[in-house]
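Quick notes on the structure that follows.
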Amino acid sequence: MAACQAGADRIELSQGLELGGLTPSFHLTMETRRAIDLPLVVLVRCRGGGFHYDEVSLRVMRDDCRRLIDLGIEGLAVGALDRSGSSLDWHWMESLPKLAPPPFQWVVHRAFDAVAKPLEEARRLAECGYQRILTSGGPSTAIEGIEPLCSLQHHCGNLIEILPAGGIRALNAVELIHTIGCQQLHGSFRSPTDPHQVDREEIQRTRAAIDSLMEQGTGGSGNLASKP
């Protein structure tokens, strides 16, 4: 709710940010759905640690997807790697978009940062029915990954949305949108004094920076996604 009030255009809901984000409870998801009018994308990730999962974990996450879809959300953020850790688990990934057709949004979370052939896998994701890739380009922050993000946007941006993430703040938002040519940014916007709280002022500053860039006509249409 704080992120909505501060100017976010879309929310990705998760819990356990100290573990990189986990699937939120169904009760929390229902309460959030009731409380906000913005598009709500829910993270599906059953545990912290890595992104390669055994068959039981994959079944659990697939069942979570089905139950979350029934709650009336707009999208799910998913991802799993194969045993090599350098490619997506395509058997699982290809099965998910069949659970809910467009306009439902299927998003690939930052498991994508580990893939060895991002351009090839981004094209395949588009063919499978995914609409968006949440990625830093590989490094921990989007600024560090700005070159691979530029490449992704240039080669795949007309097929699938590229959503830069990692260390998004007002100070780098304009550079990222202007340089990459993307139309949206994703940030956790955690308070520097309390990681369990959203930094409303930082969201507002980032929103203002993006809006200023859009008014200059140099960045397309800019959206700000938040991960509370």
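Please list, ordered by chain and number, the residues whose modelled amide H lies under 5 Å from the amide H of L13; skip anything fewer than 5 residues away on the same chain.
V41, V42, L43
Figure the gain on full extension for E175 and E94 (residue separation times 0.36 nm, minus the Cα-Cα span) and round it to one decimal in nm.
Contour length minus the Cα-Cα distance gives 25.8 nm.
How much of the DSSP bridge set in the stretch 2-226 is antiparallel, in percent, rounded to the nearest 5?
Rounded to the nearest five, the antiparallel share is 10 percent.
What does the helix-only formula give at 222 nm for the chain: each DSSP H stretch with n ≥ 4 adding -39500 (n - 2.57), the total divided by the residues, and the result rounded to the nearest 500 deg cm²/dmol?
About -11000 deg cm²/dmol.
Search the structure for amide H atoms under 5 Å from the amide H of V108, placed 1.01 Å from N in the peptide plane, and list their residues when 5 or more places away or on another chain.
V78, R132, I133, L134
Which trypsin sites (Lys or Arg not before Pro) does the stretch 82-123 hold that lie in a coil by DSSP with at most 15 other beta carbons within 10 Å?
R83
Can you tell me the length gained on complete extension of the stretch L119 to N158, counting 0.36 nm per residue apart and subtracting the Cα distance?
Going from the current span to full extension adds 12.8 nm.
Tabulate in residue order the Karplus-calculated ³J(HN,Hα) for the stretch 183-189, using 6.51 cos²θ - 1.76 cosθ + 1.60 with θ = phi - 60°, rounded to whole Hz; enter x for Gly and Pro.
For the stretch 183-189, the Karplus-derived couplings read 10, 7, 9, 10, x, 7, 6 Hz, x marking Gly and Pro.
Roughly how big is the chain's charge dipole about its Cα centre, with Cβ charges of +1 (Lys, Arg) and -1 (Asp, Glu), in debye to the nearest 20?
I would put it at about 340 debye.
Calculate the length of the line joining the C-alpha centroid of the stretch 59-133 to that of the stretch 1-45, in whole Å.
One Cα centre to the other: 18 Å.
So between E74 and E215, what do we pick up on full extension, going 0.36 nm a residue minus the alpha carbon distance?
Computed gain between E74 and E215 is 47.9 nm.
Neighbouring Cβ atoms within 10 Å as the yardstick, rank T206, T193, T32, T141 fewest first.
T193, T141, T32, T206
Put +1 on the Cβ of every Lys and Arg and -1 on every Asp and Glu Cβ in the stretch 2-226; which of I210, V107, C182 then has its Cα farthest towards the positive end of the dipole?
Going by the charge dipole, the pick is V107.
Using Cα pairs closer than 8 Å and at least 6 residues apart in sequence, work out the relative contact order for the chain, in percent.
19 percent.
Rank these for me by crowding, M1, M214, M93, going from fewest to most other beta carbons within 10 Å.
M1, M214, M93
Since every read-out is calculated from the coordinates, none of them should be taken as a lab result. Worth saying up front: this structure is predicted, and the values here are computed from it rather than measured. All Cβ positions, even for glycine, are placed from backbone atoms using ideal geometry, and neighbour counts span all protein chains on display.
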